[in-house]
Amino acid sequence: MNLAIIGTGYVGLTTGTCFAEVGHNVVCVDNNAEKVEALLQGRVPIYEPDLEDMIVSNVSAGRLEFTTDLAAAAEKSDIIFIAVPTPPNEDGSVDLSYIEAVSHEIADVLRPEFGYRIVVDKSTVPVSTGSKVAQVISRYAHRGVEVDVVSNPEFLREGSAVSDLMNPDRVVIGADSQRAMDMMKRVYQPFNAPIVEVDLHSAELIKHAANSFLALKISYINAVSAVCEKAGADVELVAQGIGMDKRISRNFLNAGLGYGGSCFPKDVKGFIHISEQLGAPLELLKEVERINAAQLERFLDRIREKLWVLRKKRVAVWGLAFKQNTDDVRESVAVKLIRRLCEEGAHVSAYDPKARENAERELQGYSVNYCDDMYECARGAEVLIVATEWKQFATANLVKVRELMHLPIIFDGRNLLHGENAVHAGFEYHSIGRKSLYPSRD
Ligand code: NAD
Ligand code: UGA
């Protein structure tokens, strides 16, 4: 099929590439000319495992193109996907100005002679947005243009986007027209995934409800981790014990510094706002946010308790990205942690395999010593903090790290390292929701 994707970011670029991979002809449109130019020259603006190779092979097979020209893309595409940002407003509501702008642009460029078109909202939006998009198009498009609007929320995770897209647990399609539903099912037929066929509004709501539930799961285990710390229990064992119940599952029960990223924080806020507007407030989600914020504060308290005054203390931080396998630092807890440490006068060194450039932009004005190597980062430090769950930190040579550091203290904010190994290497090891471990004195 011939598909256009508007917005070539984390979602648009990966989705478009995977659609091309299964045989569709895809044109990715972005109004950021620099980004499009980079892609045309074979430079991929984001880091996502396996993406670059897949882009190269699909471009050379002639199935994937990049352009700023929405009109040309709309003319040759049966289906137009919208994957533009939906950031939060100050009050927590969703900023729909990008969606509104794109709806107008689509209305402007469609012509009756192109034939029937489907406009699909892939961005995460409040329930009823699809009806608003349809209204804009029907108001402003040329007479005789025939369009259906569909909701097809995206569930990919950054860092595993390609494999999530190629093997989805389910595909949600919300359409109020059978013709649109049938065409959308053809788009996804090569993925062999279960398709959830629902009405437009239910599809939109599924996305906010899913992200909020996952955030709730993380906050739940983080709240349990605080109890474990007080009780001398081990949150990893608790997570294992409850997660083996299939009704609960072990996934998304990793205690840590709390959830970050461009989605959970904004989508939980967005869902709270939507529910309030609809007169059915989801108070529960306010507690989810409270627990998430408290997790970092509790961690900082424990570091202060150990190091006393943080001013002039040399702190090494492993990880800047909001999670492993990405260069994305939007709402990264690691970045928030570094801001707090700097504000208290600590001397911070930081290392991340992929996110340095983005973090430097985010932390402008903060004096951070960025390192190209995780061992270099640890040199002379009085404490090492693990802030992001990159695999390479888990397999670090801790004996070497111990030799480089000034004091042997680790705070593992992601329960990533093997505590016994850290102790063997001579460290005292502090983690989340577990007893601290100390080397024996003999
Ligand atoms: P992003 O910021 O990475 O990319 C958005 C792109 O849209 C940018 O390249 C921007 O230049 C482009 N754009 C903006 N206005 C445009 C216009 N008028 N015409 C053409 N291009 C335009 O955003 P993202 O992370 O890909 O998120 C997009 C949407 O998908 C959001 O609603 C988000 O909540 C949702 N989502 C994101 C993820 C994720 O993991 N990042 C996963 C699922 C859903
Ligand atoms: C999340 C969802 O998992 C995707 O399904 C969804 O499509 C996406 O949001 C979105 O709507 O944008 P993403 O934010 O990319 O994906 O990454 P996750 O793997 O969900 O991690 C989010 C945050 O939660 C990270 O900061 C991570 O460190 C944290 N996390 C995750 C935990 O603290 N514990 C866990 O058990 C899992």
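Quick notes on this one:
- Residue in region 95-116 that is surrounded by 18 or more Cβ atoms within 10 Å (Cβ to Cβ), farther than 22 Å from Lys207 by Cα, among the basic types (Lys, Arg) and modelled with pLDDT of 95 or more present: no
- Residue selected from region 4-25 under the condition within 15 Å of ligand 1 (Cβ to nearest atom) and among the aliphatic types (A, V, I, L, M), by the criterion surrounded by the fewest Cβ atoms within 10 Å (Cβ to Cβ): Val11
- Subset of region 91-119 [within 16 Å of ligand 2 (Cβ to nearest atom) and within 23 Å of Asn2 (Cβ to Cβ)]: Ile99
- Some residue of region 144-161 being of a type outside the set (A, V, I, L, M), in contact (Cβ under 8 Å) with a residue 12 or more places away in the chain, out of contact with any helix residue (DSSP H, G or I) (no Cβ under 9 Å at 6 or more places or on another chain) and more than 16 Å from Met181 (Cα to Cα): yes
- Screening the candidates Arg143, Arg157 for the property of being assigned to a loop (DSSP other than H, G, I, E, B) and within 15 Å of ligand 1 (Cβ to nearest atom) yields one hit, Arg157.
- Test: residue in region 137-152 that is within 16 Å of ligand 2 (Cβ to nearest atom) and within 16 Å of the chain's Cα centre (by Cα): no
- Some residue of region 278-287 being more than 17 Å from Asp91 (Cα to Cα) and not in a helix (DSSP H, G or I): yes
Quick grid of which residues meet (1) over 26 Å from Gln324 (Cβ atoms); (2) within 16 Å of ligand 2 (Cβ to nearest atom); (3) part of a helix (DSSP H, G or I):
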{"site": "Val162", "(1), (2), (3)": "no, yes, yes"}
{"site": "Leu165", "(1), (2), (3)": "no, yes, yes"}
{"site": "Glu197", "(1), (2), (3)": "yes, no, no"}
{"site": "His201", "(1), (2), (3)": "yes, no, yes"}
{"site": "Glu204", "(1), (2), (3)": "yes, yes, yes"}
{"site": "Lys207", "(1), (2), (3)": "no, yes, yes"}
{"site": "Ser212", "(1), (2), (3)": "no, yes, yes"}
{"site": "Ile218", "(1), (2), (3)": "no, yes, yes"}
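- Counted residues, region 285-324 - those being aromatic (Phe, Trp, Tyr) and farther than 27 Å from Lys354 by Cα: 1
- Every residue from region 39-55 that is out of contact with any strand residue (DSSP E or B) (no Cβ under 8 Å at 6 or more places or on another chain) and either more than 11 Å from ligand 1 (Cβ to nearest atom) or outside the structural domain of Gln189 (by TED's automatic domain parsing) (or both): Gln41, Gly42, Arg43, Val44, Tyr47, Pro49, Asp50, Leu51, Glu52, Asp53, Met54
- Inside region 199-213, residues that are among the aliphatic types (A, V, I, L, M) and either crowded, with 18+ Cβ neighbours inside 10 Å or touching a Leu at 6+ places or on another chain (Cβ under 9 Å) (or both) make up a count of 4.
- Test for Gly413: is it at positive phi and out of contact with any Asp or Glu (no Cβ under 6 Å at 6 or more places or on another chain): no
- Those residues of region 321-350 which are away from ligand 1 (no atom under 16 Å from the Cβ) and part of a loop (DSSP other than H, G, I, E, B), in sequence order: Glu344, Gly345, Ala346
- Any hit, region 231-249, residues being within 13 Å of ligand 2 (Cβ to nearest atom), under 20 Å from Gly159 (Cβ atoms) and not assigned by TED's automatic domain parsing to the domain that holds Ala387: yes
- In region 336-347 there is at least one residue that is surrounded by fewer than 19 Cβ atoms within 10 Å (Cβ to Cβ), of a type outside the set (D, E, K, R) and in the same structural domain as Asp412 (by TED's automatic domain parsing).
- Some residue of region 288-302 being part of a loop (DSSP other than H, G, I, E, B), surrounded by fewer than 21 Cβ atoms within 10 Å (Cβ to Cβ) and outside the structural domain of Ser219 (by TED's automatic domain parsing): no
The values are calculated or read from the model by the stated rules, or taken from the named source; none is laboratory data. Model, not experiment: these values are computed from the prediction. FYI the Cβ positions are ideal-geometry reconstructions off the backbone, even for glycines, and counts take in every protein chain you see.
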